[in-house]
1. Would you check if S33 is closer than 22 Å to E226 by Cβ, small (G, A, S) and at pLDDT 95 or above?
2. Which residue, of P28, P38, is modelled with pLDDT of 95 or more and farther than 30 Å from E134 by Cβ?
3. I need a count of the residues in the range 14-42 that are among the polar types (S, T, N, Q) and either touching a helix residue (DSSP H, G or I) at 6+ places or on another chain (Cβ under 7 Å) or within 22 Å of L203 (Cβ to Cβ) (or both).
4. Does at least one position in the range 16-24 carry a residue that is touching a residue at least 24 places away in the same chain (Cβ under 8 Å), crowded, with 18+ Cβ neighbours inside 10 Å and more than 16 Å from ligand 1 (Cβ to nearest atom)?
5. Residues of the range 43-71 being at pLDDT 95 or above and at positive phi, which ones?
6. Return yes when Q263 is out of contact with any Cys (no Cβ under 9 Å at 6 or more places or on another chain), modelled with pLDDT of 70 or more and under 19 Å from T206 (Cα atoms) and no when it is not.
7. One residue is enough: does the range 159-169 have a residue meeting the conditions more than 16 Å from ligand 2 (Cβ to nearest atom), among the acidic types (D, E) and touching a residue at least 24 places away in the same chain (Cβ under 8 Å)?
8. From the set of residues in the range 36-59 that are of a type in the set (V, I, T) and within 10 Å of ligand 1 (Cβ to nearest atom), which is surrounded by the most Cβ atoms within 10 Å (Cβ to Cβ)?
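The values are calculated or read from the model by the stated rules, or taken from the named source; none is laboratory data. Here the structure is a predicted model, which is why all the values come from computation and not from measurement. Heads up, the Cβs are rebuilt from the backbone with ideal geometry, glycines too, and the neighbour counts pull from every protein chain shown.
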Amino acid sequence: MGAEVVVEGLTKSFGRQTIWRDVTLTLPPGEVSVMLGPSGTGKSVFLKSMIGLLKPDRGRCVINGVDIVSCSEHKLYEVRKLFGVLFQDGALFGSMNLYDNVAFPLREHTKKSETEIKRIVLEKMEMVGLTGAEKKLPGEISGGMRKRAGLARALVLDPEIILCDEPDSGLDPVRTAYLSQLLIDLNAQIDATILIVTHNINLARTVPDNLGMLFRRELIMFGPREVLLTSEEPVVEQFLNGRRLGPIGMSEEKDVATMAAEQELADAGHHDGSTEDVRGVVPQLQPTPGLPERQGVRRRKDRVMSILHTLPPAAQEGIIESLTPEDQHRYNVRPHMFATVPAGHRPSPSPRDRITGDLGVAQVPQTQWRPPAPGEGGGV
Ligand SMILES: Nc1ncnc2c1ncn2[C@@H]1O[C@H](COP(=O)(O)OP(=O)(O)OP(=O)(O)O)[C@@H](O)[C@H]1O
Ligand SMILES: [Mg+2]
């Protein structure tokens, strides 16, 4: 199983510019998470901080009991071997062909023979669909192929944690769909903990177990995918729908006057370039038939069901609806608990309501469920 990554109160600035502050989140072992956020909010800086390439000012990032913010160089070197990283620019060595690029971490970090290295490199290159391109130089291939070569290189050390910085940028929609499937298949095969930074809404809606968003120097949300996908937070809605109307501006956050002026234009019928309203939970991508089941899925269900009552009603509904009938029985919940209130007509609860479940409208399931104790079997 992949390693858990626990980030606590992480803050990073360059000189007097704070990039983000007090970021706290946990990447659950073997689950897939996606981080969204407008350009320049520090997503790449976050990934680099997680592997100790950049040093945060405050906070902790704990992997297998080691806090990489405060540990020794030696420990950091050891912990880094757990990571496979696809950098935003691919970061391939321009003078090396793809084979040597992908082989590089093996030659650098292991004592494997060239025969063994060849077996691993060819296997990973096949996995990302680059068989036959071994001799090509990075300058001779397309941007999408470079991304996939970077991904192959990120995989050769059998990482427990995979970080992908915009794996889809520069890919056409069809290739992005293949890439999404590849990431899910990969997770099913090696059960690694995966964090993907992307601007691709389709990928964000269909791939991850968990979704988060950085905005205005803070992590405004991180949790089960259903929470962000059903959120009515203006910045989240604007981002998911690719609208100009909303708090996110071209170069920085908008002030109140600008937002009001834009709202007036929109009310007068001015089209702002977005296409359709995207909201709600869609089915998650499954591994290609024939591959093992994702082990993270079962663990996640137990985890999410144990915190269900703390989530907003719309997210609870999305979660319960996506359970199989067996799961609904196992967790003792029913989907029609929400059937009486049409979507969109549900008043937002106050934070207090969320805790007490005292909504006065669509009933929040008061599930008594708790994760089964080891050996208990869990019923179904
Ligand atoms: N090494 C550095 N020194 C100083 N400032 C930096 C450094 N690296 C990044 N920054 C600044 O940190 C901010 C966040 O950059 P980052 O690349 O993390 O954004 P991002 O969210 O990944 O954006 P994009 O979606 O465009 O990739 C930017 O203002 C950038 O200029
Ligand atoms: Mg970036």
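1. yes
2. One residue alone meets the criteria, P28.
3. Of the residues in the range 14-42, 4 are among the polar types (S, T, N, Q) and either touching a helix residue (DSSP H, G or I) at 6+ places or on another chain (Cβ under 7 Å) or within 22 Å of L203 (Cβ to Cβ) (or both).
4. No, every residue in the range 16-24 fails to be touching a residue at least 24 places away in the same chain (Cβ under 8 Å), crowded, with 18+ Cβ neighbours inside 10 Å and more than 16 Å from ligand 1 (Cβ to nearest atom).
5. Of everything in the range 43-71, just one residue is at pLDDT 95 or above and at positive phi, namely G59.
6. For Q263, the condition - out of contact with any Cys (no Cβ under 9 Å at 6 or more places or on another chain), modelled with pLDDT of 70 or more and under 19 Å from T206 (Cα atoms) - is not met.
7. Initial filter on the range 159-169 (more than 16 Å from ligand 2 (Cβ to nearest atom)): 159-162.
Pick out the ones that are also among the acidic types (D, E) and you get 160.
Filter again for touching a residue at least 24 places away in the same chain (Cβ under 8 Å), leaving 160.
Within the range 159-169 (the criterion being more than 16 Å from ligand 2 (Cβ to nearest atom), among the acidic types (D, E) and touching a residue at least 24 places away in the same chain (Cβ under 8 Å)), the answer is yes, since at least one residue qualifies.
8. Residues of the range 36-59 of a type in the set (V, I, T): 41, 45, 51.
If we keep only those that are within 10 Å of ligand 1 (Cβ to nearest atom) as well, we get 41, 45.
Values: T41: 22, V45: 19.
Among them, the one singled out is T41.
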